[in-house]
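Working notes, beginning with the structure itself.
Just so it is clear, none of the values below were taken in a lab; they were calculated from the coordinates. In this text, all values refer to a predicted model and were calculated from it rather than measured experimentally. Glycine also receives a Cβ, built like all others from the backbone with ideal geometry; neighbour counts cover every protein chain displayed.
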Amino acid sequence: MPRRPFLRAFVSPAALCAIAFVAAMAAVLQFSVRAYIPGSLDPGGFTLVNFAALLKPLYGRVFLDTVWICFITAVCTLVIGYPVAYALVRAKGAFLKSAMLIVVVTPLFLGEVVRTYSWIVVLGNNGFVNTVLLKLGMIERPLQLMFTSFGVVLALVHVTLPVMVIMLAAALSHIDPDYERAAESLGAGPIRAFLSVTLPLSTPGIVAGVTTAFAWTFSAFATPQLIGGGQVNMVSNLVYQLGFASFNFPFAASLSVVGLVLAFGMIALLRAGLRPLEAVGPQ
Amino acid sequence: MKNRAETSGIEQKSAPPAGGQGFVRLEGVSKRFGDVVALHEATLDVRRGEILTLLGPSGGGKTTLLNLVAGFLLPDSGAIHIAGQPVTEVPPYRREIGVLFQNYALFPHMSVAANVAYGLRMRRLPRPEIARKVAETLALVRLVGLENRTPRQLSGGQQQRVALARALAISPKVLLLDEPFSALDKNLRGSMQLELKEIQRKLGVTTIFVTHDQSEALSLSDRIVVLSEGRIRQVGTPGEIYRRPTERFVASFVGDVNVLRARLEEVDGEAAQIAIGAAKLAVPAGTLRGCAPGAPVELFIRPEQLRLAETGDETACEGVVSAHSYQGGHVDLHLASEAAVSGRILMRWPGTEAIARWPVGTRIAVACAGTEAVAFPASPS
Ligand SMILES: Nc1ncnc2c1ncn2[C@@H]1O[C@H](COP(=O)(O)OP(=O)(O)O)[C@@H](O)[C@H]1O
Ligand SMILES: [Mg+2]
């Protein structure tokens with residue numbers, strides 16, 4: 001009898017998925033080095049022209065914007081998500097805990113399009129925010145919230161928050177509450193106990209959360225598409241425009257490849273930057 | 001150096017601490033968690049400089065009491081005083097207490113020295129003074145040379161010492177220890193107990209120690225508080241608790257005990273006369289209130305208070321040897337006997353001769369060797 005009888009049965013689906021992903025990636029890679037034949041969906045011969053074209057400032061701008069939006073989103077999500085995760089972990093009573101968890105993960109259950117449209121209802125010129133502010137007489141003309149990076153980041157934070165909270169909560173739940181009690185018994189008030197003990201011990205969770213949030217936002221499409229409305233473009237929106245508006249598949253593919261490399265590069269950079277922090281946490 | 005191990009018991013009673021009140025004082029302190037009464041109306045005085053042990057089975061309320069003194073929990077009712085100050089509403093970080101946690105709770109991201117210095121840094125002491133105190137405290141717990149290690153690089157016993165040093169560095173008013181040795185193996189536990197006692201004597205710090213291990217409580221404490229089901233059952237010196245338990249629960253929880261069927265003969269003031277077989281025995285009357293002469297009672301008697309009946313002795317009961325168990329220094333002799341409530345009697349012999357002298361199956365007559373026994377009304381069953 002084999003030592004792990006179910007190993008093959010359990011691994012096969014994963015292996016099939018992996019093969020499919022690799023095949024898709026290979027296709028994208030292959031397209032990225034083929035020539036574009038205007039008016040045809042089939043690519044031409046091998047060339048590096050697509051990558052050379054990406055050097056135009058227009059595209060560099062989109063890459064920079066994307067990184068910036070991802071960064072701001074990750075930071076905002078961390079700042080908002082940390083207290084939520086802390087409350088979630090330290091809350092007493094199973095009911096309160098589940099209630100908080102459900103509220104936190106709800107954004108994940110809404111489809112991306114539904115969620116984004118609801119933000120349009122909130123942020124639009126005749127939307128909730130502007131109507132309320134106008135009625136209260138706090139503003140005279142509607143604020144421009146749609147088609148701005150602010151609106152995009154707001155909506156991205158909304159959908160990234162559950163991921164951040166869950167990752168931080170996982171890290172925080174591994175920190176024995178006795179550490180905080182020990183700190184308090186030694187004379188540290190709650191805030192100092194938190195800053196000197198809990199926060200440093202949670203850095204592995206912060207690193208994991210920020211990296212995941214970054215990767216999560218980097219691939220955002222519908223949110224910048226609908227809320228940015230062409231004014232705020234991220235890499236995926238550009239890919240969409242090139243691929244499905246201009247039908248320039250090779251160029252779209254090369255853009256995707258560069259985007260992917262950039263995402264990996266940024267995440268590696270992020271991890272390297274956060275490493276000193278991580279050394280502070282429990283090994 | 002004064003040695004208070006010898007002044008336990010009676011002498012301490014005749015010399016109460018200044019003011020006549022405990023250094024740590026609980027007055028009618030209760031704490032419930034939902035429907036569970038974790039601590040009920042606890043009133044307790046802890047004397048300055050003593051080691052007081054909270055002893056009781058798991059779930060008895062020991063940790064709850066400790067957490068109330070530390071300030072990690074607020075009582076539902078009652079008041080707590082430390083050094084004459086009411087602290088019921090004072091948060092833990094202003095109570096100046098040292099706590100040794102069961103799992104040590106050493107900060108894993110700090111070195112040994114930083115752990116010990118933590119409480120001093122929180123008090124914003126000048127750096128040289130912190131360094132001096134850290135070195136002093138590490139020397140006290142014999143950890144010199146390990147300053148720069150992290151807790152993970154230490155053995156369990158070493159981590160324990162760091163935790164003790166960290167708690168002691170702040171010169172706490174009260175030292176609280178919650179089952180600190182339960183994770184250590186038996187040998188290490190014994191030496192840590194001794195060491196704790198030595199350090200405690202040297203510093204004279206008032207100490208509350210929690211354990212569910214009765215032998216640890218007996219060997220370590222100046223006084224013992226027996227707690228079960230959230231109630232204080234008895235407070236006394238180890239000797240009092242062991243020799244003169246005032247409750248059936250205390251008698252059976254602390255130490256090995258034989259429960260024999262006996263009869264109340266008469267009550268004469270503070271003493272009661274008990275008949276067991278042909279033997280007569282004087283026991284305290286306090287635990288037999290409400291019992292009429294002639295009523296059946298249960299005699300709680302320690303193994304070492306029983307011996308073999310010799311010719312001329314009054315035999316208390318008889319039993320048949322059912323097993324020996326060799327304990328190194330002595331042999332436990334198990335007897336099957338009708339006279340015991342559980343059907344079994346435990347006797348103790350020094351050395352190993354008992355195994356050869358009374359093989360399994362031998363019938364033995366048992367007599368009472370001493371007068372240290374207590375009796376309780378027979379349980380209704
Ligand atoms: N935080 C808590 N929530 C609910 N019940 C608790 C809590 N702490 C203790 N208890 C209950 O209170 C009782 C006493 O517990 P504890 O003080 O921990 O006992 P011990 O330390 O003697 O084992 C137990 O029945 C326990 O289940
Ligand atoms: Mg406990």
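Before moving on, here are some points about what is shown:
- Point-to-point label distance, residue A:247-residue B:320, nm (Cα→Cβ direction, 7 Å offset): 10.4 nm
- Equivalent ellipsoid dimensions for chain B as semi-axes, Å, which come from the Cα gyration tensor, largest first: 45, 25, 17
- Computed from Cα positions, the angle between helix A:94-109 and the longest principal axis of chain A comes to roughly 10 degrees.
- Helix A:149-173 and the longest principal axis of the C-alpha atoms of chain A enclose an angle of approximately 50°.
- Distance between the range B:121-199 and the range A:213-245 - C-alpha centres, whole angstrom: 57 Å
- On Cα atoms only, tilt of A:249-278 relative to the major axis of chain A in degrees: 20 degrees
- Each of B:143, A:136 has some number of other Cβ atoms within 10 Å of its Cβ, and from fewest to most they run A:136, B:143.
- Contact order, relative form, for chain A: 27 percent (alpha carbon pairs under 8 Å, 6 or more residues apart, mean separation divided by residue count).
- Share of Cα-Cα pairs in the range B:279-367 lying beyond 15 Å, as whole percent: 62 percent
- Counting only Cα atoms, the size of the range B:227-381 along its three principal axes is 45, 35, 27 Å, in decreasing order.
- Hits among aspartates and glutamates - C-alpha to C-alpha of residue B:280 under 12 Å, sequence gap 8 or more where chains match: B:265, B:266, B:313, B:314
- Translational diffusion of chain A, µm² s⁻¹ [Kirkwood Rh, Cα pairs; Stokes-Einstein; 25 °C; 0.890 mPa s]: 111 µm²/s
- Computed over the protein assembly as shown, the convex hull of the alpha-carbon atoms projects to a mean area of 48.0 nm².
- DSSP finds beta bridges in the protein assembly as shown, and of those with both partners inside it, around 80 percent are antiparallel.
- By the helix-only formula, in which each DSSP H run with n ≥ 4 contributes -39500 (n - 2.57) and the sum is divided by residues, chain B has a 222 nm mean residue ellipticity of -7000 deg cm²/dmol.
- Straight Cα distances below 21 angstrom link residue B:202 to the lysines B:2, B:133, B:173, with same-chain residues fewer than 8 positions distant left out.
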